[in-house]
Amino acid sequence: MRVFVTGAASPLGRQLVAALIKRRCTVRGLVRRTTAVTQMRNLGAIPVVGDVRHFSQIRSALDGCD
């Protein structure tokens, strides 16, 4: 399953990403700050830098997600 997680760098988001990775999901994690990119990679997720309020920034990241 391919999953897109908004707020992936938040405490709750990190836990969700980790749980999805553990279940062998492919996770794309939306983060607002570039400093969180490494954090997402360390969790095993594909980082996407953007803001949920700007849909044009994340439209392509949603492609192929379940």
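What follows draws every value from the coordinates through simple rules; no lab data is involved. Please read these numbers as outputs of a predicted model, since none were measured by experiment. In this analysis, Cβ positions are derived from the backbone assuming ideal geometry, glycine residues included, and neighbour counts consider all displayed protein chains.
Miscellaneous remarks
- Only Lys, Arg, Asp and Glu carry charge here, each on its Cβ (+1 for the first two, -1 for the last two); on that basis the chain has a dipole of about 160 debye about its Cα centre.
- If the Kirkwood radius is taken over C-alpha pairs of the chain, then at 10 °C and 1.306 mPa s the Stokes-Einstein diffusion coefficient equals 139 µm²/s.
- In this structure the amide hydrogen of VAL49, modeled in the peptide plane, comes within under 5 Å of the amide hydrogens of VAL31, none closer than 5 places in sequence on its chain.
- The chain: trypsin sites (Lys or Arg not before Pro) falling in loop per DSSP and having at most 12 other Cβ within 10 Å: ARG23, ARG24, ARG33, ARG53
- The value of relative contact order for the chain, using C-alpha pairs under 8 Å at least six residues apart, is 34 percent.
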